[in-house]
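What follows is a set of notes on a single structure, which appears directly below.
A short reminder: the numbers here are calculations on the coordinates, not readings from a lab. Everything quoted here is computed from the prediction, not taken from an experiment. Neighbour counts are summed over all protein chains in view; Cβ atoms, including those assigned to glycine, are modelled from backbone coordinates with ideal geometry.
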Amino acid sequence: MPPRCPSVQRLDDLAIATAILGPFPPLGKDPATPTCHRILPPQQGKPLWRAFGMQTRYLEIDDLTDELRDALEEAPAEDRERLNRALDYSWIHHENALEGNVLTEAEIHGAMTQTVITDLANVTLFKKIRAHHAALERARELVKLKRFKFNAELFDEFYQMIFMGLDRDKGKYRKDIPLHRTYFHEIVPPEQIPERLEEVIADANSRDFRSLHPIKQAALFGWKFMQVFPWSEASGVVGRLMSNVLLMRAGYFPVVIHAQDRERYYQALKGSPNDLRDLLVESMENSLNGLLKFLRSMEEERLAGRAG
């Protein structure tokens, strides 16, 4: 049996959300469980240790994903609901942090639970948070489609959703290179955006791209999309959502890059797709371990309540 994580006290949703995506140590693996038969052959010309190294990480993520799905099937509906809520809170919180926006627990919880916004000062902020959540739900809808292809209209749809369609011209990309921005990697000049974006779309819809491992797909697409950086705002949010669509369509849970890793994320965009892939792999491992820890803590809490 895998080692059990230490029990934790019952936390509020955003505290749980932060814990879920924190840097937890990997769970131990049963050395008696054979996995070598699932390892793909190394790419020609690559050292064996390097080719097998990433394949092993992929397999570990597959194992954690299977373990989490099994745990969710056995968990009570209340735990599943609470986990999904915490995951969405986390997603919104850390995505905004990557964009340089800090959202508090009260702001996210208020936006997601208040049917009537009583504080007029929060109207715009709450609408943006709800719009972001709607974009997450829309991404999940794409996962259910039997056939799926990227196109510029899809990107624009998510861009419009995030900004609630306010003061945003449909199909209009940035007209300059922002000087004061969160990201500091090189981006294409404005006049090249349409052509380069079509190249990204063509690559992502190609047979060669579809033959790659889904995590590699997510990293490659996310990196190329961010080199284009179509809009001065929200390009990162849209790009990461599309990468998560690729992962979720392949059966993975969404990957959320933790706010504490934002500098590494920015550096990966300056580097290579493999740099981003490595970050995604670590983020997925941490998220999955955190989700498993959350479910176990809820189980231990119930057992303790019965014993009391």
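Each residue of region 229-238 in turn: what ³J(HN,Hα) in whole Hz from Karplus with 6.51, -1.76, 1.60 and θ = phi - 60°, glycine and Pro shown as x?
For region 229-238, the Karplus-derived couplings read 6, x, 10, 5, 10, 6, 4, x, 4, 5 Hz, x marking Gly and Pro.
Apply the Karplus curve 6.51 cos²θ - 1.76 cosθ + 1.60, θ = phi - 60°, to the phi angles in region 181-191 and return the couplings in whole Hz, x for Gly and Pro.
Those phi angles translate into 9, 5, 8, 10, 7, 6, 10, 6, x, x, 5 Hz.
Within the set Lys144/Lys293; Lys144/Lys224; Lys149/Lys293; Lys175/Lys270; Lys172/Lys270; Lys224/Lys293, which residue pairs have Cα atoms separated by over 32 Å?
Check vs 32 Å cut-off fails for Lys149/Lys293; Lys224/Lys293.
Order 224-237, 117-130 from most to least packed using the mean count of other Cβ atoms within 10 Å.
Ranked by mean Cβ neighbours within 10 Å, highest first: 224-237, 117-130.
Tell me, what is a quarter of the convex hull surface for the C-alpha atoms of region 153-271, in nm² with one decimal?
Convex hull of Cα atoms, orientation-averaged projection: 7.7 nm².
Residue by residue, what Karplus-based ³J(HN,Hα) values in Hz, rounded to whole numbers, does region 58-63 have, using 6.51, -1.76 and 1.60 with θ = phi - 60° and x for Gly and Pro?
Using θ = phi - 60°, the values come out as 4, 5, 5, 5, 4, 5 Hz.
Order these by the 10 Å Cβ neighbour count, fewest first: Thr65, Thr104.
Exposure proxy ranking, most exposed first: Thr104, Thr65.
Below 14 angstrom from the Cβ of Val102, what's the summed charge of the other residues (Lys, Arg +1; Asp, Glu -1)?
Here the charged neighbours net out to -2.
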